[in-house]
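What follows is a set of notes on a single structure, which appears directly below.
No lab work stands behind these numbers, since they all come straight from the coordinates. Computed from a prediction, not measured in an experiment: that's the story for all the values here. Cβ placement follows ideal geometry from the backbone for every residue including glycine, while neighbour counts extend to all protein chains displayed.
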Ligand code: GUN
């Protein structure tokens, strides 16, 4: 069994990006600038956005954190997005989800300039991804592909079962694992809350990608021998032994499942760190495209 070590791989990727940034600096070029918009004060979102901004600082990117109150109206947020779209210094930005209920998420995602949409959530970028065109791939699925690639995991002809159909993880993951190329070329089943016989389907999977958000959902007896198991779950569970009062728990009953799996991602330290690394990679790509467009 091999552990897919997201901490190590994300640190390798950050090192590679740092080198690219240092080259830009040496040439006197502008470095990538990522902005993150956070509406409200949801604890988990604050942590994630904080990690994204910190990672930018570590690797030499410029970063801007835009914090707006939970009472922000849709118009106010759309106006902030317009400002970020027009700001020539900003290469890419993200709007952290979920948004408060008074704001229509679809409207917000549509308002982001597709060339600055480093989350890859704009329908134009999502469509390009589905059509195998070059684009920004959403960071979590992109991170999973990168892990599979760097560990040389064969995916061709395998049966991939994706659990959960969210726009951020499950849906794009199902498209990417089925597309031509590597990682890809697998036969995909996308399962969700209305799937019948889900345990029977999972038991036939060569690759299981769980993005459900139910702690310890996936048990050893549900997966087949030598399965490749990717855990995207990051649920906060109360834990008095921790200073912060909670621990992060994945969808997979890790200690039991790892005995059966051929490859497995731990939680924490698997997919989570990869998400941030790939957001940085997308921002580097956005900077490169921005530079070329400005030169035209
Ligand atoms: N909320 C949970 N995951 C993500 C993500 O990858 N990007 C944004 N913007 N919000 C999220």
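In terms of its alpha-carbon gyration tensor, the chain comes out prolate; a/c meets the 1.5 threshold, and the first ratio a/b outweighs b/c. Once you have a ≥ b ≥ c as the square roots of the Cα gyration tensor eigenvalues for segment 56-115, tell me rounded if a/c is under 1.5, and otherwise prolate or oblate according to whether a/b is larger than b/c. Since a/c reaches 1.5 and a/b is larger than b/c, the shape of segment 56-115 is classed as prolate.
When only alpha carbons are used to place a centre, segment 233-270 and segment 146-164 end up 20 Å from one another. With all pairs of different C-alpha atoms in the average, the Kirkwood value for the hydrodynamic radius of segment 123-240 is 14.7 Å.
Tell me the angle of helix 6-26 to the major Cα principal axis of the chain, expressed in degrees between 0 and 90 and rounded to the nearest ten. Taking the Cα atoms of the chain, the angle to 6-26 is about 20 degrees. Stokes-Einstein, applied to the Kirkwood radius of segment 175-296 over Cα pairs at a viscosity of 1.567 mPa s and 4 °C, places its translational diffusion at 78 µm² s⁻¹. With q set to 0.21, 0.27 Å⁻¹, the log10 of I(q)/I(0) for segment 208-279, from the Debye formula over equal scatterers at the Cα positions, is -0.87, -1.18.
Ordered by the number of other Cβ atoms lying within 10 Å of each residue's own Cβ, fewest first, 5, 91 fall into the sequence 5, 91.
Remark on segment 1-94: Rg and Dmax equal 16.0, 51 Å (Cα only).
When Rg and the Kirkwood radius Rh are both evaluated on Cα atoms of segment 51-190, their ratio Rg/Rh stands at 1.01. A simple spin-label model places pseudo-atoms 7 Å from Cα toward Cβ; at residue 240 and residue 78 they are separated by 5.0 nm.
With neighbour counts taken as other beta-carbon atoms within 10 Å, the residues 116, 30 rank, fewest first, as 30, 116. Distance from the Cα centroid of segment 82-134 to that of segment 177-222 is 28 Å (rounded to whole angstrom). Taking other C-beta atoms within 10 Å as the exposure proxy, 134, 210, 262 rank 134, 262, 210 from fewest upward.
Rounded to the nearest 10 degrees, the angle from helix 271-295 to the longest Cα principal axis of the chain is 40 degrees. Evaluate E = 1/(1 + (r/R0)^6) for residue 151 and residue 293, where r is the Cβ-Cβ distance and R0 equals 35 Å; express this FRET efficiency to the nearest 0.05. Between residue 151 and residue 293 the formula returns 0.50. Applying the Kirkwood pairwise sum to the alpha-carbon positions of segment 28-67 produces a hydrodynamic radius of 10.7 angstrom.
With helices as the sole contributors, the chain gives -12500 deg cm²/dmol at 222 nm; each DSSP H run of n ≥ 4 counts as -39500 (n - 2.57), and the sum is divided by every residue. Classify segment 89-132 from the C-alpha gyration tensor, please: rounded if a/c falls under 1.5, else prolate or oblate depending on whether a/b exceeds b/c. Oblate, because a/c is 1.5 or more while a/b does not exceed b/c. Highest mobility in the GNM of the chain, judged by mean-square fluctuation with C-alpha springs under 10 Å and restricted to 282, 197, 125, is found for 197.
Using 0.36 nm per residue and subtracting the Cα-Cα separation, the extra length available between residue 3 and residue 226 on full extension is 79.0 nm. Taking the C-alpha atoms only, the angle from helix 43-59 to the longest principal axis of the chain is near 70 degrees.
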